Amino acid sequence: MIEWSEQHLMIREALQRFVQEEIVPIHEELEHGDTPPYEVLRKMYSSFGMDEMARTRFEKQIAWEKQGKPPREKKDTADASTRADQTAMSLLPIIELCKYCPGMVTAMGVSVGLTAATIMSKGTIEQKERWGKDVLTFEKIGAWAITEPSSGSDAFGGMKATARREGDEFVLNGSKTFITNGPYADTIVFICKLEEDGVDSRDRRILNFVLDSGMPGLQQGKSLRKMGLHSSPTGELFLTDVRCGMDRLLGGEKALSKGGRSGREGAKDTFNMERAGVTAMALGIVERCLELSVKYANERVQWEKPIGEYQLIQDKLARMEVARMNLQNLVFRTIELAANGRSMNLAEASAMKLYAARAAVEVAMEAVQVYGGNGYMSEYHVEQLARDAKVLQIYAGTDEIQIRAIARELLSR
Amino acid sequence: MKIMVCLKQVPHQDARLDINADGTWIQEDNIKFEINSYDTYALEEALRTKDAGEADVFVVSIGPDRVGQALRTALGMGADRAIHVNDDEANGSDSLGLAKILAAVAKQENPDLIFMGLMSDDDNSAAVAPMLAQLLDIPHTTAAVKVERSNGTVTCDREIEGGAHEVVELTAPCLIAVQTGLNQVRYASLKGIMAAKKKPFDVKSVADLGLSGQVGTGAAKVKIDRIAPPLKGDTAEILSGSTAEVVAGLVSKIKELGLL
């Protein structure tokens, strides 16, 4: 793939119109107020038929699984160009929304990406029907709870949240933090360790439970204040003796029968998917920063010349354009791999995410620099984008974790 | 029911417009185009008629290859098929030439309703709709801000001077040229855009429509002699300097002219 197809460009234009008509008028409340992003995201889902598409896909998959057939690989369900289009259709909304509200993409991605994807990959058919469908169509808001106050990058090793067996039930305890959609989530995937006598904490089984908002013992904290990403509510979850039946354990009995250090592998697939999404986010942020910087460089006059005529500003614009081209090519590669029924290995996905996050931060900070004093003011959009971009180096695996994954792969060759 | 929607592709509202070398039109290379805003409301009105019952909605446009994208966007929004009159012989047609081409398409298709925009964002002539209705000898109305259909008749509110509405009733087949804002134009769904690739898309030449020699530059009675931005007059004075100096200059100017 070397360029967007006409259909992709049509989708972009339709999304751009949606952003201009539905998001730009409430941008201030989303980014500097307390308006949660869900209503406008739902409107996007219904306006573009994304809910209907998710529902149809879900029903097909469930019908297939009910025949007792093994899960189908994506490459078996569509031809190459359809697979390319499907991937492009999932990335284009990310790119276009990120030009204004990267936080909205985070709220959307965690709900329909992480949460629904976990239920759909680990759940039983009953669990998929009970929780997966509504989260996939955005009727319900999902949260995926792994991070804890004392475990971030070492998510599984340092995890303290527990599930204790009591007869047919599990009793869940623990606290989670930095949980996207936490304050508003209807459906929460809670990741914890099974209490097992005689097994070292690091080696205990990891279990995923599905919780509904309002369950006794589950408390959803209010939105935390943070540096950026204000259009994405982030909060804490506190669980005190939350009682669940086997029906809420993702995978049911099967999840328990796996021995040893099971339960960790699925989360790693999830990390991989997140890394591709972050690259599309970076592209959106960079495209917007570049567009704004070029406009400002042409308009802003100092010493009787537009600042774009000064070579130091030209250098910044040229570097931004190089980043934009690289990111776009990485997005094209993601689409091309999907068309061929392939995906990146962890090290390549990590390398892509590392580059994308750094490029977005560098470009956004340079955009602030092009804008000078204005860029430091909240009135100008580059200020928000610079704050938002920083999270890309932290979530979905910090830069340092990406570097470790790349180095491990290189050194094992 | 068969509904024809006439679309024009015009330069994007954010496009930077430069005048071409011979001063008769803008430079069209490397600028973005979009569907004329008035026509998007016409399309939406047609699609609503379709949603309310059975209708075959087809979109028609005249112009070079790039116009195909406007038609495919309309297909993505829900139109059933497209007719693209793509022929160099149509270039340079005046409003009457364009109306003749659209009339020839309408005569082949016999639509019950024709929806189109009141005018185009680019040259604002508002002439094609009444001319087309005249050539087809069917009733028409313009500046419609409300359209209601019942058995064989269409009742429209027209916008007239002073914000008043005039209510007209038309018998189908008829033509309705709409004002902007009469509805909320839908977004093309992602599935719709992908499905648009497979919908019927006819390309016609001027000869296919039996109009050879009757349209295009040669037949045009109205020709654009020259387009130009408004001339800069010498009545404007640009104040320069720091903000304080500019404000002081402005205040003294106001006093000097006795405006306060």
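Rule-based calculations on the coordinates, nothing more; no lab input. Note that the structure is predicted; figures quoted are calculated from it, not measured. Cβ atoms come from the backbone with ideal geometry, glycine included; neighbour counts cover every protein chain shown.
Treating only the Cβ atoms of Lys and Arg (+1) and Asp and Glu (-1) as charged, compute the dipole magnitude of segment A:6-140 about its Cα centre; round to the nearest 20 debye.
Charge dipole of segment A:6-140: 760 debye, to the nearest 20.
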Subject >> Cα-based Rg of chain B normalised by 2.2 N^0.38 Å, two decimals >> reply: 1.21
**OP:** Provide the net charge surrounding B:G216, with neighbours chosen by a C-beta distance below 11 Å and charges set as Lys +1, Arg +1, Asp -1, Glu -1.
**Re:** -3
Original post:
Cα atoms only, segment A:265-411: Rg and Dmax in Å?
Top reply: 17.1, 61
**OP:** Would you mind listing how long segment A:144-261 runs along its three principal axes, going by Cα atoms, in whole Å with the largest first?
**Re:** 42, 29, 21
Original post:
Once you average over the residues of A:85-91, how many Cβ atoms of partner chains fall within 10 Å of each Cβ?
Top reply: 2
Original post:
Between A:E29 and A:R72, 0.36 nm times their residue separation minus their Cα-Cα distance comes to what?
Top reply: 11.2 nm
Subject >> 3J(HN,Hα) from dihedral phi, segment A:107-117, Karplus parametrisation 6.51/-1.76/1.60, rounded to Hz, x for glycine, proline >> reply: 4, 5, x, 5, 6, 7, x, 4, 5, 5, 5
Original post:
Each residue of segment B:227-232 in turn: what ³J(HN,Hα) in whole Hz from Karplus with 6.51, -1.76, 1.60 and θ = phi - 60°, glycine and Pro shown as x?
Top reply: 10, 7, x, x, 5, 6
Subject >> Peptide A:42-49, shielding by other chains (average Cβ, 10 Å cutoff) >> reply: 3
Subject >> For segment A:54-130 versus segment A:180-206, the gap between their alpha-carbon centres in whole angstrom >> reply: 23 Å
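Just for chain A, what percent of DSSP beta bridges are antiparallel, to the closest 5?
The answer is about 80 percent antiparallel.
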Original post:
Which of A:V171, B:L239, A:L337 sits farthest toward the positive end of the charge dipole of the protein assembly as shown, with +1 on the Cβ of Lys and Arg and -1 on the Cβ of Asp and Glu?
Top reply: A:V171
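Kindly rank A:118-129, B:13-24, A:247-258, B:105-116 from highest to lowest mean number of other beta carbons found within 10 Å of each residue. Numbers along the way, then the final one.
Details: A:118-129: 18.8, B:13-24: 10.9, A:247-258: 16.3, B:105-116: 20.5.
The densest-packed peptide leads the list: B:105-116, A:118-129, A:247-258, B:13-24.
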Original post:
Taking θ as phi - 60°, what are the ³J(HN,Hα) couplings along segment B:90-104 by the Karplus curve (6.51, -1.76, 1.60), each to the nearest whole Hz, with x for Gly and Pro?
Top reply: 7, 4, x, 5, 8, 4, 5, x, 5, 5, 5, 5, 5, 5, 5
Original post:
Any idea what the alpha-carbon Rg over 2.2 N^0.38 Å comes to for the protein assembly as shown?
Top reply: 1.14
Original post:
In segment B:1-43, which residues have a backbone nitrogen under 17 Å from the label point lying 7 Å from B:D225's Cα in the Cα-to-Cβ direction?
Top reply: B:22-25
Original post:
What are the residues whose amide H is under 5 Å from the amide H of A:L224, where those residues sit 5 or more places off or on another chain and H is modelled from the backbone?
Top reply: A:T234, A:G235
Original post:
With the contact rule set at Cα under 8 Å and sequence spacing of 6 or more, what percent relative contact order holds for chain A?
Top reply: 17 percent
Subject >> Computed magnitude of the charge dipole of segment B:1-160 (debye, nearest 20; Cβ of K, R +1, Cβ of D, E -1) >> reply: 440 debye
Original post:
Counting Lys and Arg as +1 and Asp and Glu as -1, what is the net charge of the other residues whose Cβ lies under 11 Å from the Cβ of A:G103?
Top reply: 0
**OP:** Quick one: which residues, 5+ away or cross-chain, put their amide H under 5 Å from the amide H of B:A82? H built at 1.01 Å from N.
**Re:** B:V59, B:F201, B:D202
Subject >> Distance in nm between pseudo-label sites at B:D18 and B:D202 (7 Å out along the Cβ direction from Cα) >> reply: 4.0 nm
Subject >> Residues whose placed amide H lies under 5 Å from that of A:A143, excluding near-sequence neighbours >> reply: A:T187, A:I188, A:V189
Subject >> Segments A:198-206, A:324-332 sorted - mean Cβ within 10 Å per residue, highest first >> reply: A:324-332, A:198-206
Original post:
Shielding of B:178-188 by partners, i.e. mean partner chain Cβ atoms within 10 Å per residue?
Top reply: 3
**OP:** Show me B:93-103, B:248-258 ranked by packing, highest mean number of other Cβ atoms within 10 Å first.
**Re:** B:93-103, B:248-258
**OP:** Just report the Cα centroid separation between segment A:284-347 and segment B:192-260, whole Å.
**Re:** 31 Å
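What does the charge count near B:L239 come to, summing +1 for each Lys or Arg and -1 for each Asp or Glu among other residues with Cβ under 13 Å from its Cβ?
My count for the surroundings of B:L239 gives -2.
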